[in-house]
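Before anything else, here's the structure in question.
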Amino acid sequence: MAEKLTNENIARLLRQVSAAYTIKGINRFRIIAYDKASEAVEKSNIEVKDLWDEGRLSNLPGIGPTIAGHLDELFKTGRVKRFEKAFQDLPQGMFPLLDVPGIGPKSSYKLAKEFKLHDAGKAITGLLKAAQAGKIAKLDGFGEKSQADILDALKRFKKGQVKKRRMSLPYAGATADQMLIYLKKSPAVVEAVPLGSLRRGVSTIGDIDIGVATENPGAVLEWFTAYPKKSKIVETGPTGATILLETGQQIDIRVQSPVSFGAMFQYFTGSKEHNIRLREFALRKGFSLSEYGIKKTSKGHNTGIPGKYFNKKLNIYEFPTEEEFYHVLGLPWIPPEIRENSGEIEKAVKNRLPRLIELKDIKGEVHVHSDYNLKPSHDLGSSSLEDLLKTADGMGYEYLGISDHNPRLANHTEKDIELIMKGRKDKYEHILVSNKNVRVKLFIMLEVDILPDGKLALPERAFQYVDAVVVSVHSSFGMSKEKMTDRIIKGLSYPKAKILGHPTGRLIASREGYEVNWQKVFDFCKKYNKALEINSYPDRLDLPDVMVKRAIENGNKLVIDTDSHHKDQMRLIAYGVTVARRGWAEKSDILNTLPYNEFKSWLTA
Ligand code: DGT
Ligand code: CA
Ligand code: CA
Ligand code: ZN
C-alpha cells in the first residue's frame, strides 16, 4: 500500500473488499460487515490509525473483531493478506471506479472487464475515453442513459478530486489536541492554544490555527515543522509557519512573546469580519490595532491606556491577555463564539452582551435512542436503557428522555403498534423499578416521523404510552416550500408533539436543508409552546447557529439534544451548546436548563 493510512483510504479499502466479495458471491453477512466498517471509519471523528496507536481500536463502534484483526495487520505491516487474496483474479481497474458516485461493485467489475482496465492508475481515464467514444451504451445492460450518467459522474468526480473538504468540528478538535500535546513537549512553548474558527466553535473548520506564547520563536517553529505527522511544510517565516498533514489537513501556527500574546490571541481568533469592525471602532478612538498590540494614531493625544503596557522601544502598547486588550478599548471581553460581526461590538459598547449558556447549565436531554427493538423504519440505538440512564446520572443530569424511532407503519397493524408501544413502556418501567440506585428521571418518548401529508407515523391510541414526542422529517425532502411548511406545522399540531427534531434536515457533509417558511414555523412554535431542537450530532448541528439566533430574536424556545445512538455520544451535547452560544442563546432560551419539575410541566402540558 503506497497510500497513507488515513480514514478516507481505509474506508476505501474496506469498500473494495466488500465489492470484491460481492463479485465473488461471498456470504452476504460478511459483505454487510465490510460495508458497515467502511462507513464507521469514514464517519469517525478521530483517525483510526491513532486509535490503533493508542490500543483503542475496539472503541470504534461498527468494527467487529475479525475486521479489527485485519486492520491491526494493516497498520503493522502495511498490507492485509486476506484482502490481497480477495482482490486476486479481478480486473484491478474496477477498484478506482468504485469511488465514482453511482458506480457500484457490479458495474465497476463489468466495465473494467469489458474495457480491459487492468491498471488501477489508468482506469478512470480509460473509462472516460470509452464513455466519450459511445462504447458503454453498447454494453449489455447499460444503454444511452447510463452512459450519459456515467460520463457526467466521471467529469464531476475528476473536478471533485481537487476540492478539499472542510473538517468537522470534533475532527478538527482532535487533530488540534494531538498537535497541542506535541507542542507542549517543547520546553520553549509557554502556552499553546487553538485559535481561528476552531476557537470560535464554527461547525466546519477550514484549517487549524494555533497560537504559541514563547521567548524563543525559532525553536518553536523548528519543533512545529518537524511534526511526525506532517507531509510537507507549506511555508515558514519568523513569526509563523504552515504545514500539511498526511491526512491533507492544514495547520497554521503563530508565535509571539508572552508579553504581547493577548493581541495575537485576539487577532488570530477572528473572525476576519469581527476584526475589521473592531479596527474601525478603534480607529475612531485614535488607536490602530495589530497582532502585536495597540498604537496611537496621532501624536500628543492622551490614550488613557495605563503606562505599564507601553513598550518604548517598539512604541506600542502590549497586552499579555485578550481581556486586557478588549478592556483598554473600553469593551468587555467578547466570547469567541459570537465574534462574527453580527452586532456583538455594538452590544459590547453598551455593555449589553448576552450571558451565553454554558455546558454546566444543561440539566438533561430528551433525544436519545436505546437498543429496545421497536421494529422501527430507522436505526436502533446500540446501548441499553440501563446504560443510558447510568451515563446521564454520571453527567449529573436530572432527567433523560428516550426517543426511539416509531415502529414501522408498513407490515404492522395499528393494534400491533399499540402492543409494541405498551410492551416498551412496561419494560422501561420494570427497568426503573429494578435500578433504584439510578437517580435520573426518565421520560418515555418517541421520535416520530412527520409523514409527507403531515400526519405523524403513530396511531392515535399509541400516544397513551409516551410522555411526549420529538417529531422529525425523515423522507420526501424535495417538497415545495409551502407544502413542507404545512407538513411540519401539521405534525407539530399534535398535543404530544413538543419538539421539532433536527429542524432543517441538513447534513453538513452531504445534504442541504429542505425548503421551509421558517417565519411561519417559528411563529407557530412560539404560539403553541413548541420547542425547536438544536441537534448536537456533529454531522447535523441543526438548527444551525444563524437560525438559532433568529429563533431567539423571534422569542422561540429551544432544546439541546444529542440524538445519541450510543451512550458515549451523549457527551456530544457540548457541540450543541457551542451552536447555542454561537446563536447568542442564554440559559433562559434553552428549556433543558430547567430543573426536572419545570421541564416536566412544559413537556407534558
Ligand atoms: P477557516 O480556517 O476557514 O475555518 O476560518 P478562520 O476564521 O480560522 O480563518 P483563517 O484560518 O483564514 O484565519 C484565522 C484568523 O486570522 C481569522 O479568523 C482572522 C485572522 N485573519 C486572517 N486573515 C485576515 C485578514 O485579512 N484580516 C484580518 N483582520 N484578520 C485576518
Ligand atoms: Ca482557520
Ligand atoms: Ca489559517
Ligand atoms: Zn431523526
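The values are calculated or read from the model by the stated rules, or taken from the named source; none is laboratory data. Not measured: the values here are computed from a predicted model. Glycine also receives a Cβ, built like all others from the backbone with ideal geometry; neighbour counts cover every protein chain displayed. For the accessible areas, the whole protein counts, side chains as well, though only heavy atoms, and no ligand, DNA or RNA atoms are used. Shrake-Rupley method; radii C 1.70, N 1.55, O 1.52, S 1.80 Å.
Among the listed residues Glu246, Glu273, identify the single one that is within 16 Å of ligand 1 (Cβ to nearest atom), open to solvent by 50 Å² or more (accessible area, probe 1.4 Å) and in contact (Cβ under 8 Å) with a residue 60 or more places away in the chain. Full working, then the answer.
On the way: Glu246 fails: within 16 Å of ligand 1 (Cβ to nearest atom).
Answer to the check: Glu273.
Could you identify the single residue in Ile402, Ile420 that is modelled with pLDDT of 95 or more, under 32 Å from the mean Cα position of the chain (by Cα) and among the hydrophobic types (A, V, I, L, M, F, W, C)? Talk me through it step by step, then tell me what you get.
Numbers: Ile420 fails: under 32 Å from the mean Cα position of the chain (by Cα).
Going through Ile402, Ile420 in turn, just one is modelled with pLDDT of 95 or more, under 32 Å from the mean Cα position of the chain (by Cα) and among the hydrophobic types (A, V, I, L, M, F, W, C): Ile402.
So that you can scan it fast, the table gives a plain yes or no per residue for (1) open to solvent by less than 70 Å² (accessible area, probe 1.4 Å); (2) β-branched (Val, Ile, Thr); (3) touching a helix residue (DSSP H, G or I) at 6+ places or on another chain (Cβ under 9 Å); (4) at pLDDT 95 or above:
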{"position": "Ala37", "(1), (2), (3), (4)": "yes, no, yes, no"}
{"position": "Val48", "(1), (2), (3), (4)": "yes, yes, yes, no"}
{"position": "Leu51", "(1), (2), (3), (4)": "yes, no, yes, no"}
{"position": "Ser58", "(1), (2), (3), (4)": "no, no, yes, no"}
{"position": "Ile67", "(1), (2), (3), (4)": "yes, yes, yes, no"}
{"position": "Leu97", "(1), (2), (3), (4)": "yes, no, yes, no"}
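Go through Ile150, Ile136, Ile124, Ile181 for me and flag whichever is over 21 Å from Thr578 (Cβ atoms) and exposed (fewer than 13 other Cβ atoms within 10 Å of the Cβ).
Details: Ile150 fails: exposed (fewer than 13 other Cβ atoms within 10 Å of the Cβ); Ile136 fails: exposed (fewer than 13 other Cβ atoms within 10 Å of the Cβ); Ile124 fails: exposed (fewer than 13 other Cβ atoms within 10 Å of the Cβ).
None of the other options fit; the residue is Ile181.
Right, here's the next one. Any residue in segment 160-176 that is at pLDDT below 90 sitting within a Cβ distance under 9 Å of a residue that is within 16 Å of ligand 4 (Cβ to nearest atom)? List the pairs, counting only those 6 or more apart or interchain.
Listed by first residue and then by second, the contacts come to Arg166/Ile508.
May I ask you to verify whether Arg487 is buried (at least 21 other Cβ atoms within 10 Å of the Cβ), of a type outside the set (A, V, I, L, M, F, W, C) and over 26 Å from the mean Cα position of the chain (by Cα)? Let's see the steps before the verdict.
Details: buried (at least 21 other Cβ atoms within 10 Å of the Cβ): yes; of a type outside the set (A, V, I, L, M, F, W, C): yes; over 26 Å from the mean Cα position of the chain (by Cα): yes.
So Arg487 fits the description; yes.
Out of segment 218-243, which residues are away from ligand 3 (no atom under 12 Å from the Cβ) and either in contact with a Phe, Trp or Tyr (Cβ under 6 Å, 6 or more places away or on another chain) or not in a helix (DSSP H, G or I) (or both)? Before you say what the answer is, go through the steps one by one.
To start, the set of residues in segment 218-243 that are away from ligand 3 (no atom under 12 Å from the Cβ) comprises 218-233, 236-239.
The answer is Ala226, Tyr227, Pro228, Lys229, Lys230, Ser231, Lys232, Ile233, Thr236, Gly237, Pro238, Thr239.
While we're looking at this one, here's another question. Filtering segment 326-339 down to residues that are of a type outside the set (D, E, K, R) and under 32 Å from the mean Cα position of the chain (by Cα), which residue is nearest to Trp584 (Cα to Cα)?
Pass one, segment 326-339, residues of a type outside the set (D, E, K, R): 326-336, 338.
Right, trim to under 32 Å from the mean Cα position of the chain (by Cα) and you get 326, 332-336, 338.
Details: Tyr326: 19, Pro332: 16, Trp333: 15, Ile334: 12, Pro335: 10, Pro336: 11, Ile338: 7 Å.
The extreme case among them is Ile338.
When the residues of segment 249-270 are narrowed to those that are among the polar types (S, T, N, Q) and more than 8 Å from ligand 1 (Cβ to nearest atom), which ends up surrounded by the most Cβ atoms within 10 Å (Cβ to Cβ)?
The extreme case among them is Gln266.
Scan segment 203-217 residue by residue and report those that are within 16 Å of ligand 3 (Cβ to nearest atom) and surrounded by fewer than 22 Cβ atoms within 10 Å (Cβ to Cβ).
Kept after step one, since they are within 16 Å of ligand 3 (Cβ to nearest atom), are these residues of segment 203-217: 204-212.
Matches in segment 203-217: Thr204, Gly206, Asp207.
Sort through Lys496, Lys455 and tell me the only one that's in contact with a strand residue (DSSP E or B) (Cβ under 8 Å, 6 or more places away or on another chain), at pLDDT 95 or above and surrounded by fewer than 20 Cβ atoms within 10 Å (Cβ to Cβ). It would help to see each step written out before you state the result.
Details: Lys455 fails: in contact with a strand residue (DSSP E or B) (Cβ under 8 Å, 6 or more places away or on another chain).
After ruling out the rest, the residue left standing is Lys496.
Against the condition surrounded by fewer than 21 Cβ atoms within 10 Å (Cβ to Cβ) and in contact (Cβ under 8 Å) with a residue 60 or more places away in the chain, how does Pro544 come out, does it pass?
For Pro544, the condition - surrounded by fewer than 21 Cβ atoms within 10 Å (Cβ to Cβ) and in contact (Cβ under 8 Å) with a residue 60 or more places away in the chain - is met.
Cβ-Cβ distance below 8 Å, separation of 6 or more or different chains: which pairs start in segment 320-335 with a residue that is in contact (Cβ under 8 Å) with a residue 40 or more places away in the chain and end on one that is surrounded by fewer than 18 Cβ atoms within 10 Å (Cβ to Cβ) and of a type in the set (D, E, K, R)?
Between residues of segment 320-335 that are in contact (Cβ under 8 Å) with a residue 40 or more places away in the chain and residues that are surrounded by fewer than 18 Cβ atoms within 10 Å (Cβ to Cβ) and of a type in the set (D, E, K, R), the close pairs are Leu329/Lys285; Gly330/Lys285.
Considering only residues of segment 344-392 that are among the β-branched types (Val, Ile, Thr), outside any loop (DSSP other than H, G, I, E, B) and under 30 Å from Leu331 (Cα atoms), which is least open to solvent (accessible area, probe 1.4 Å)? Full working, then the answer.
Keep residues of segment 344-392 that are among the β-branched types (Val, Ile, Thr), which gives 345, 349, 357, 362, 366, 368, 391.
Right, trim to outside any loop (DSSP other than H, G, I, E, B) and you get 345, 349, 366, 368, 391.
Keeping just the survivors that are under 30 Å from Leu331 (Cα atoms) gives 345, 349.
Numbers: Ile345: 1, Val349: 78 Å².
For segment 344-392, the residue satisfying everything is Ile345.
Continuing with this model, one more query. What residue, among those in segment 160-202 that are farther than 19 Å from Arg571 by Cβ and of a type in the set (Ser, Thr, Tyr), is nearest to ligand 3 (Cβ to nearest atom)?
Among them, the one singled out is Ser197.
Let me ask another. How about segment 397-507: which strands (runs of 3 or more DSSP E) wholly inside it have at least 3 residues that are more than 16 Å from ligand 4 (Cβ to nearest atom) and within 25 Å of Ile560 (Cα to Cα)?
Values: elements: 399-405, 441-449, 468-472, 497-500.
Correct list: 441-449.
Pull out all pairs, ordered by first then second residue, where Cβ-Cβ is under 8 Å, the residues are six or more apart or on different chains, the first lies in segment 91-117 and is of a type in the set (Asp, Glu), and the second is open to solvent by 20 Å² or more (accessible area, probe 1.4 Å).
Asp99/Arg12; Asp99/Phe157; Glu114/Leu139
Has segment 430-447 got any residue that is within 30 Å of Gly513 (Cβ to Cβ) and open to solvent by 10 Å² or more (accessible area, probe 1.4 Å)?
Start the filter on segment 430-447 by keeping residues that are within 30 Å of Gly513 (Cβ to Cβ), which leaves 443-447.
If we keep only those that are open to solvent by 10 Å² or more (accessible area, probe 1.4 Å) too, we end up with 444.
Within segment 430-447 (the criterion being within 30 Å of Gly513 (Cβ to Cβ) and open to solvent by 10 Å² or more (accessible area, probe 1.4 Å)), the answer is yes, since at least one residue qualifies.
Can you list residue pairs whose Cβ atoms sit under 8 Å apart, with the first residue in segment 47-67 being under 16 Å from Pro170 (Cα atoms) and the second being open to solvent by less than 80 Å² (accessible area, probe 1.4 Å) and not in a helix (DSSP H, G or I)? Count only pairs 6 or more apart in sequence or on different chains.
Here the result reads Glu47/Thr6; Glu47/Thr247; Val48/Leu5; Val48/Leu60; Leu51/Ser44; Leu51/Leu60; Leu60/Ser44, each pair linking segment 47-67 to a residue that is open to solvent by less than 80 Å² (accessible area, probe 1.4 Å) and not in a helix (DSSP H, G or I).
Could you please find all residues in segment 9-25 being touching a helix residue (DSSP H, G or I) at 6+ places or on another chain (Cβ under 8 Å) and either without any contact (Cβ under 8 Å) to a residue 60 or more places away in the chain or of a type in the set (Ser, Thr, Tyr) (or both)?
Hits for segment 9-25 are Ala11, Leu14, Ser18, Tyr21, Thr22.
How do the pairs read when you match residues in segment 202-231 that are farther than 14 Å from Met179 by Cα and free of Cβ contacts under 8 Å to residues at least 40 places away in the same chain with residues anywhere that are within 16 Å of ligand 2 (Cβ to nearest atom) and in a helix (DSSP H, G or I), using Cβ under 7 Å and keeping only pairs 6 or more apart or on different chains?
Ile205/Leu169; Ile205/Ala172; Ile205/Ser197; Ile205/Leu198
If you don't mind, there's one more thing I want to ask. Please enumerate the residues belonging to segment 471-488 that are free of Cβ contacts under 8 Å to residues at least 40 places away in the same chain and closer than 23 Å to Ile402 by Cα. Full working, then the answer.
Looking only at segment 471-488, we keep the residues that are free of Cβ contacts under 8 Å to residues at least 40 places away in the same chain, and these are 471-472, 475-488.
Within segment 471-488, Val471, Ser472, Ser475, Ile488 qualify.
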